[in-house]
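What follows is a short report on a single structure.
Taken together, the values in this text are just the output of simple stated rules run on the coordinates, not laboratory data. What you see is a predicted model; the values in this text were computed from it and never measured. For neighbour counting, all protein chains shown are included, and Cβ atoms are generated from backbone atoms with ideal geometry for every residue, glycine included.
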Amino acid sequence: MAKVLYVHAKGGPPVGYALPRVAARSEVHLLALSELPAGHPLSELCASVVARGATGADDLVELIVSRAREVGADAVVTFSEYAVVAVAEASHRLGLRGAGPAAALARDKRLMRAAWERRGIPQPRFRPVATAEQLATATQELRCPLLLKAAWSAGSTAHQIIATPADAPAAWARSYAVMTESARLGFAELHVAGAGEDFIVEEIVSGCAEEWFEGPGWGDYVSVEGVVVEGAFRPVCLSGRMPTVAPFTERAGITPAAVGDEAQARIVDLARQAVDALGLDNCGTHTEIKLGAHGRMWVIETAARFGGAMTVPQIEEVFGLDLVGTFTDQLLGGSPDWPSEALTPADAKGAAGSLVVLAVDGSGDPWRHRHVWDSASVVRSAPLGAGSTLSVVWESSLPDGTPVPVYDPAAGANTMAGLCRLSADQPQTVVRDFTALVDALPDILPVYAAREVRA
């Protein structure tokens, strides 16, 4: 039986979902770079389990290479944004299939944007910045308002809007502090030293969701989920979003994205250009594209891994495609049957979505009172339409009884309380049900402290 070294770190699809699908196709040896979720018998699926802390190793790539050789791994896999570069470098050194030497271009936003700039791919104007002084200079070269973001971040962390050049010093200090805290929590690049000190600043482009979606409640960007097979991009499907919470924190993802066939074809073509420009070998891809008025589009970012949160489980639910298992077959040298073209809403059986619970209402304003997270109350009292079902992703949620964190715009998804998963008959139903749930949450969750709360 083939052997796979599974490198686990925070981020990506839940390990409780992904690891069993890898184990169904191989003997799994687990290298845990972050703590596994409590209460899940994942170790029973593995031939061996080693935690990074127990090895005493400092060089992550060398640790992965050494462990892969020890177990005789035929492939090394990770679904975490924070371990993608290390696993790609280790796989390349081992002569195994992987994202390849260009993996950093799909992780470091500075390199990514520069590669797109060389190809003339539409994107917001940007500048890489590494100091407060460089940021100040960039505010004079670009048109405000601007968005400051960490070059190696994920989950919308460390985002700061700079309305005028005078805002730059405070924005820099706040973003820098958030990246330091994210590293402490384990939500940071695991291989590149000093990655939390690298940033880009970009112009904010105006989206226009109503020109792309027939129904209300959609956000003005989509993600193209796909895979690279021996250097060739293979699109799988599109996922849509609800509007972000200021500054740009994702609230909900919906599969499939309810756009028309012509619009989808244009979006997929732009995603193909963006992925091709990076020169990847074998990896999942997740490419975010901003949708503007009069058919304009801008590529925001791409990644050499599948979408996080519940994007991958949603795809399996509505399209019947196991991305994790199929990709494992690919890494092991097989030639799996990927879709010949991007799947559309017409190919879907129903729709699915995931909602990040943040302490803000539908307009992005903070809740008036603090509340306590209670998953049973949410499932029991959610105002859903007939035929819709809701569940809570326990390993991506706080324990019941925990106070819901006050939403911090700079910390983004780091201040989430829970992750909910919804199944419905069509994408617009998911948007409608999530909109109603967001409005109802302050009435559903128990009050923690009866006092006003400021973000």
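Arrange the following residues from fewest to most other Cβ atoms within 10 Å of their Cβ: Glu203, Glu189.
Glu203, Glu189
Relative contact order of the stretch 3-96: what whole-number percent is it, with Cα pairs under 8 angstrom and at least 6 residues apart?
It comes to 39 percent, rounded to a whole number.
Over the stretch 3-96, consider all pairs of different Cα atoms and compute the Kirkwood hydrodynamic radius from their mean reciprocal separation; express it in Å, one decimal.
For the stretch 3-96, the Kirkwood estimate is 13.0 Å.
Within the chain, how many Lys pairs that are eight or more residues apart, or on different chains, come under 24 Å at the alpha-carbon?
Final tally of qualifying lysine pairs is 5.
Once each part is reduced to its C-alpha centroid, what is the distance from the stretch 190-230 to the stretch 68-117 in angstrom?
So the separation of the two Cα centres works out to 21 Å.
Given an 8 Å cut-off on Cα distances and at least 6 residues of separation, report the relative contact order of the chain as a percent. Don't jump to the answer; show the numbers that get you there.
Working: 1038 pairs, mean separation 69.7, N = 455.
The value is 15 percent.
If you stretched the chain out fully between Ala130 and His369, how much longer would it get, using 0.36 nm times the residue separation minus the C-alpha to C-alpha distance? List each step's numbers first, then the result.
Working: separation 239, 0.36 × 239 = 86.04 nm, distance 3.82 nm.
Taking Ala130 through His369 to full extension adds about 82.2 nm, to one decimal.
Could you give the length gained by full extension between Thr402 and Ser335, i.e. 0.36 nm per residue of separation minus their alpha carbon distance, to one decimal place?
Stretched out fully, the Thr402 to Ser335 stretch lengthens by 19.5 nm.
Relative contact order, percent, of the stretch 176-304 when contacts are C-alpha pairs under 8 Å separated by at least 6 residues?
Relative contact order of the stretch 176-304: 24 percent.
By counting other Cβ atoms within 10 Å of each Cβ, how are Cys144, Cys420, Cys283 ranked from fewest to most?
By the 10 Å Cβ count, ascending, the order reads Cys144, Cys420, Cys283.
To the nearest 0.05, what FRET efficiency results for Ala246 and Arg118 with a Förster distance of 41 Å applied to their C-beta separation?
About 0.80, to the nearest 0.05.
Can you list which of the DSSP-assigned H helices in the chain have a Cα extent of 18 Å or more along the long axis and an average Kyte-Doolittle score of at least -0.5? Please report the intermediate quantities before stating the final value.
Values: long enough: 168-185 (26 Å, 0.12); 261-276 (22 Å, -0.38); 427-444 (25 Å, 0.44).
Result, helices passing both filters: 168-185, 261-276, 427-444.
Rounded, prolate or oblate: which fits the stretch 91-136 when a ≥ b ≥ c are the square roots of the eigenvalues of the alpha-carbon gyration tensor, with rounded for a/c under 1.5 and prolate only if a/b beats b/c?
Taking the square roots of the gyration eigenvalues as a ≥ b ≥ c, the stretch 91-136 is oblate.
Rounded, prolate or oblate: which one fits the stretch 206-348, using the alpha carbon gyration tensor with axes a ≥ b ≥ c (rounded when a/c is under 1.5, else prolate when a/b beats b/c, else oblate)?
Judged from the Cα gyration tensor, the stretch 206-348 comes out prolate (a/c at least 1.5, a/b above b/c).
If each DSSP helix of 4+ residues adds -39,500 (n - 2.57) and the sum is divided by the residues in the chain, what number results at 222 nm, nearest 500 deg cm²/dmol?
Values: 12 runs with 134 residues, N = 455.
That calculation yields -9000 deg cm²/dmol at 222 nm.
Going by the alpha-carbon gyration tensor, a ≥ b ≥ c the square roots of its eigenvalues, is the stretch 125-203 rounded (a/c under 1.5) or, if a/c is not under 1.5, prolate (a/b greater than b/c) versus oblate? Don't skip to the end; give the middle numbers.
Values: a/c = 2.10, a/b = 1.91, b/c = 1.10.
Prolate, because a/c is 1.5 or more and a/b exceeds b/c.
Please give the length that would be gained between Glu211 and Ala47 if that part of the chain were fully extended, namely 0.36 nm times their separation in residues minus their C-alpha to C-alpha distance (nm, one decimal).
Roughly 53.9 nm would be gained on extension.
For every other residue with a beta carbon closer than 10 angstrom to the beta carbon of Arg21, add +1 if it is Lys or Arg and -1 if Asp or Glu, then tell me the sum.
Cβ neighbours under 10 Å give a net charge of -1.
Tell me, how many Å apart are the Cα centres for the stretch 388-435 and for the stretch 9-48?
23 Å
Treat the count of other C-beta atoms within 10 Å as a stand-in for reagent exposure and order Cys208, Cys46 from fewest to most.
The most exposed by this proxy come first: Cys208, Cys46.
Under 10 °C and 1.306 mPa s, how fast does the stretch 350-455 diffuse according to Stokes-Einstein, given a Kirkwood radius computed over C-alpha pairs? Answer in µm²/s, whole number.
D, rounded to a whole number, is 114 µm²/s.
What nm distance separates the two modelled labels at Gln426 and Thr137, each placed 7 Å from Cα along Cα→Cβ?
5.4 nm
Projected area of the chain, taken from the Cα convex hull and averaged over every viewing direction, in nm²?
Convex hull of Cα atoms, orientation-averaged projection: 20.5 nm².
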